[in-house]
Each structure stands twice: as C-alpha cells, then as structure tokens.
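Report on one structure; see the data block that follows.
Values in this text are rule-based calculations from the coordinates and carry no lab data. Note that the coordinates shown come from a computational prediction; the quantities given were computed from them, not determined experimentally. Here the Cβ positions follow ideal geometry from the backbone for every residue, glycine too, while neighbour counts run over all protein chains shown.
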Amino acid sequence: MKPVPSQGRRLLEVKELIWKAADRLRGDMDAAEYRYVVLGLLYLRCLSAMFEDARRRLGENFVDDPYVCEGDGLRWVPEAARWDWLSERMGEPGCPAGEVLDEALRAVSRSNRDLRKVFPDGLGLTGRVEDRRVLELFALFGDGRIVGHGDRPPQDGAGESYEYFLRSLDEFARIEGKRGAEFHTPGSVAKLLVEILEPYEGRVYDPCCGAGGLLVQAQRFVVTHKGREHAEDLDIYGQEINQRSWQLAKMNLDLHGTVLSGLDDHWADTFAEDRWPGLEADFVMAVPPFNMSDWAHREHDLRWRYGVPPARNANFAWLQHVVSKLNDRGSAGVVLANGSLSSKQLGEDRIRAAMVEDDLVACVIALPDRLFRSAGIPACVWFLTKDKSARHTGDLADRRGEVLFLDARGMGQMIGRAERVLTEADLQDIAGTYRAWRGTGTSEEYRDVPGFCRSVTRDEIREHRHILNPGRYVGSADNAEERGESSAQGRVDELTREFLELLEEAERMEREMRGHLGA
C-alpha cells in the first residue's frame with residue numbers, strides 16, 4: 001500500500017479534530033456557526049504561535065510593545081490572548097472558560113486598529129456553551145501540530161492551517177446537512193483565475209469576497225513569483241454582505257500576512273451599498289452566488305451601462321459592477337452559471353451582446369462539473385478586459401475584435417464522490433493557452449486545438465446571436481482519448497476512490513461509536 005502523502009495525513013488530522021470539536025459544540029449551536037467558533041479559536045492559536053515564534057527569533061532584540069511590533073511588521077498579541085497565559089488561566093478551578101476566550105479575542109481587537117471591529121463579541125461563547133465543553137474545546141487546540149510550519153515562514157504555516165480548517169469545515173457543514181462552501185471558493189478555481197490574470201502588482205478587488213480565498217490566492221501568486229518581500233505590491237480590496245464571512249476573511253488574510261485596504265467595516269450589500277464607489281482596480285476577481293434572485297435591484301443605477309439587469313437574476317448585475325471597477329487597462333475574471341452564456345430572457349441577451357460589441361470579453365471557459373460542492377449546475381468563467389490591443393510597447397498580441405473560447409469540461413480529477421478539482425497540469429494547460437493567445441510571458445505561438453480552444457472573431461459571434469457557449473465554437477476533437485483517460489478507466493478510478501472513502505468513513509464512525517460507548 002502506498003504511504004499517505006504528508007498533506008493527506010494533515011487533512012485527515014484536521015478532519016478528525018473538526019469532528020471532535022463539533023462534538024463539544026453540538027447542541028449549543030448549529031453547524032453553520034461551528035465554522036466561526038472553530039476558525040476563531042484557530043486564529044487565536046496561530047496568532048499566539050506566530051508572536052512567540054517572533055519573540056524567540058529576535059531574542060534580546062524583541063520589544064514587547066504594540067507600536068514597536070507594528071513598525072516591525074509584526075502582529076502584537078496582548079497577554080490576555082497569549083496561549084501560555086490562556087492555558088494557565090484555563091487550568092484554574094472554576095475558570096469561566098467561555099468568558100476568558102471571548103475576552104481574549106476582544107483584547108486582540110482593542111490592541112490592533114485594523115481588527116477593531118472583527119471580534120466585538122469574541123467567539124460568542126459566553127452564556128451559550130457550558131464552560132466544561134469550552135475547556136474540552138480549548139484542550140483540542142493545544143497540539144502544536146495544527147499550527148506547525150517546519151522550515152517555512154510562520155505566516156505560511158498559519159495560513160495553510162487556516163485553509164485546511166476552512167475547507168474541512170465546509171465539508172463538515174455539507175455532511176451535517178447545512179449549507180457548505182457558501183463563502184469558500186475551491187482552491188483550483190481560485191488558482192485558475194489568478195494564473196490567467198497574473199496580478200503581479202496593483203489593486204485587486206473582490207466584490208463578494210466571502211472568506212477571502214481569491215484575495216489570498218492573488219497574494220500567494222506574487223509571493224511565489226516575486227518573493228515574500230513583494231507581498232505588499234498588491235493593494236487588497238474586498239466587500240462581503242455577510243458579517244461573519246467578512247470576519248473570517250479578515251482572519252484569513254491576516255494569517256497570510258496582509259490586510260484589506262481602507263475602512264474596517266466592509267460587510268454590506270455590494271449592490272445596495274457599494275463601499276468602493278471610486279475604485280479603479282487593475283484586477284477584479286469574483287465568484288458571486290449563481291443566478292441570485294434576491295438582490296437590491298435599482299433600475300437607474302449608473303453601473304448598468306450595457307442594460308438594466310433583470311430583478312430575478314443578478315448575473316449581469318455582477319458583470320457590469322465588475323466592469324465599473326476596472327481602470328482603463330484592467331482585467332477581470334468572474335465565475336458564473338452557464339446560463340449567463342446563452343440566456344435570452346428578460347433582456348440578458350441584449351446586455352451580453354452590448355458587452356461583446358464593446359470588446360470587453362477576452363475569454364470564456366467552460367468548467368468541468370462538480371467543482372463546487374454547493375452548486376450542482378454547470379459553471380463558466382468570463383474573463384473581461386478594457387484593453388485587448390498590443391499596447392504601446394507592442395509586447396502583446398493585438399486581440400481586438402476576438403474572443404478566446406476554451407472548453408475544459410473534460411478536465412479535472414475526482415477527489416471523492418461529489419467533488420472534482422483541476423490538477424496542476426490542467427491549470428497550466430488552460431493558463432498557458434490563454435498566455436499564448438494574449439502573448440504574455442511565453443514564447444509559444446497560439447494555435448486553435450479542435451475540441452479545446454479556438455480564437456473567434458466578433459463577426460462570427462454575431463452570426464451566433466452573441467451566444468458564448470465554448471462548445472459551439474471549438475468543435476469536437478478526434479483525439480479525445482489522447483487528452484485524458486478513457487471514460488471506462490476514469491469510472492473505475494472514481495468508483496475506487498468512492499470505495500476507499502466509504503472505508504475511511506466507516507472507520508471514523510466505528511471510532512466515534514466506541515468513544516461514546518466507552519469501549
């Protein structure tokens with residue numbers, strides 16, 4: 001039997017911890033609230049670990065002062081939120097555990113200006129969860145492995161732990177029958193957007209940022225390609241309608257070494273209360289709710305340059321909002337339901353045609369199914385840009401009047417019964433094709449590949465009444481078998497993965513049952 005990769009072992013450990021934590025909270029709150037409590041406690045644990053790591057590294061040069069730490073680029077942690085102090089406090093007889101943890105996060109808020117509105121109620125444990133259960137929950141997070149980072153920078157290890165927990169908690173919420181993945185974009189989808197947009201520097205904006213996954217991925221792109229010292233080359237802007245999700249985004253970004261630019265309170269409806277009215281972004285990335293019917297529809301909004309979107313579907317409201325945020329050379333990637341490519345209802349076809357005629361659409365990608373756990377409908381990516389010319393330097397291909405269509409529906413690899421991910425090879429194949437078409441960072445010459453990609457003129461799109469489904473333009477491939485595994489072998493592999501997953505779940509349930517029975 002092949003050994004389990006270290007990342008796989010880490011995920012199994014995290015999932016096991018999630019189940020144990022849920023046992024302590026079940027009955028006091030529902031699965032949707034577990035995420036905030038568990039991720040808030042993880043944030044506190046990671047923050048303390050990073051602070052102690054900095055103190056050890058700096059030795060005598062370390063100054064335990066909030067202003068000095070801020071000047072050195074460190075997050076200062078008050079004593080009431082330091083893990084060692086908390087551990088001593090929790091060990092005292094009759095300790096009001098919930099109140100102590102709530103106060104720890106409130107102390108972090110008070111002592112750090114950009115976090116002052118993130119934890120007004122701490123974890124919300126006081127009076128809701130028995131202190132006995134809070135003590136058990138606290139003890140679970142005492143294991144240093146959950147924040148371990150080996151030879152990597154402390155922020156990398158802490159941020160990675162947060163992402164593992166976020167992904168696992170989404171899965172847990174799904175298993176519990178609650179809405180999962182409502183604020184978490186799958187990692188391979190986030191990476192696809194970033195690999196094509198290539199945000200090396202400038203302003204990056206997400207109008208529905210959820211837990212900040214796209215913004216974290218953008219920063220990671222800069223660190224990977226230019227080094228951590230260039231992490232601040234990006235200015236990060238985001239808005240989120242749900243306060244809890246916005247708080248998770250602040251924690252997520254903080255553990256990755258960055259902060260949201262501007263004001264402290266950006267939980268607001270993007271359509272009803274745009275918090276960035278004058279923003280001119282270099283890059284916009286968004287994975288808004290698919291086919292959202294309940295949204296703040298305003299017929300005379302200045303953002304509706306290409307037509308008033310229907311009140312029953314916000315797809316073209318999101319697209320036009322994104323366009324309104326781009327500067328003269330800005331680019332955007334927006335993930336939407338496939339219906340946005342061909343809908344003729346309620347004037348959506350006229351808006352789509354107007355955007356194509358204004359030469360805003362650079363690329364359309366049809367995605368594989370089952371990338372999103374919470375949405376079973378097919379999805380696509382719109383890549384928009386204000387400028388498809390060769391620009392004054394002539395280093396880009398002049399793609400004015402053209403649109404690149406990519407059909408990636410046959411790509412991806414199943415990692416369970418209900419989830420598919422785009423592999424690194426898939427991502428490089430897709431992004432490399434776009435870069436060759438646009439002429440960015442590659443010496444490869446673009447060519448159409450039947451069944452996969454094709455550059456199409458605006459005249460041909462007009463002939464198809466501005467319908468943008470990639471399959472309509474790329475045709476079929478005679479060498480489909482050469483592009484991946486045969487369908488039969490793929491089905492065998494999928495069934496094998498399902499069987500192994502069921503075995504793992506059976507073992508987990510047996511362990512849990514034995515624990516309840518005291519065996």
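Worth pointing out:
- Working ranking of peptides 214-224, 298-308, 429-439 by packing, defined as the average number of other Cβ atoms within 10 Å per residue, highest first, is 214-224, 429-439, 298-308.
- Neighbourhood net charge (14 Å Cβ-Cβ; Lys/Arg +1, Asp/Glu -1) for Arg106: -2
- Modelled this way, with points 7 Å down the Cα-to-C-beta line, the labels at Ala139 and Thr224 are 4.1 nm from one another.
- Neighbour-count ranking [beta-carbon atoms within 10 angstrom, fewest first] of Tyr43, Tyr36: Tyr36, Tyr43
- Computed extension gain for Met29 through Asp121, at 0.36 nm per residue and net of the alpha carbon distance, reaches 31.6 nm.
- A simple packing score, the average count of other Cβ atoms within 10 Å per residue, orders the peptides 311-317, 87-93 as 311-317, 87-93, with the highest score first.
- Computed over the Cα atoms of the range 189-276, pair by distinct pair, the Kirkwood hydrodynamic radius stands at 13.0 angstrom.
- Using the average count of surrounding beta-carbon atoms within 10 Å as a protection proxy, the listed peptides 68-81, 45-58, 280-293 rank, highest first, as 280-293, 45-58, 68-81.
- Taking the centroid of alpha carbons for each part, the range 320-349 and the range 440-467 are 19 Å apart.
- Virtual spin-label span in nm between Asp64 and Glu52, 7 Å along Cα→Cβ: 1.4
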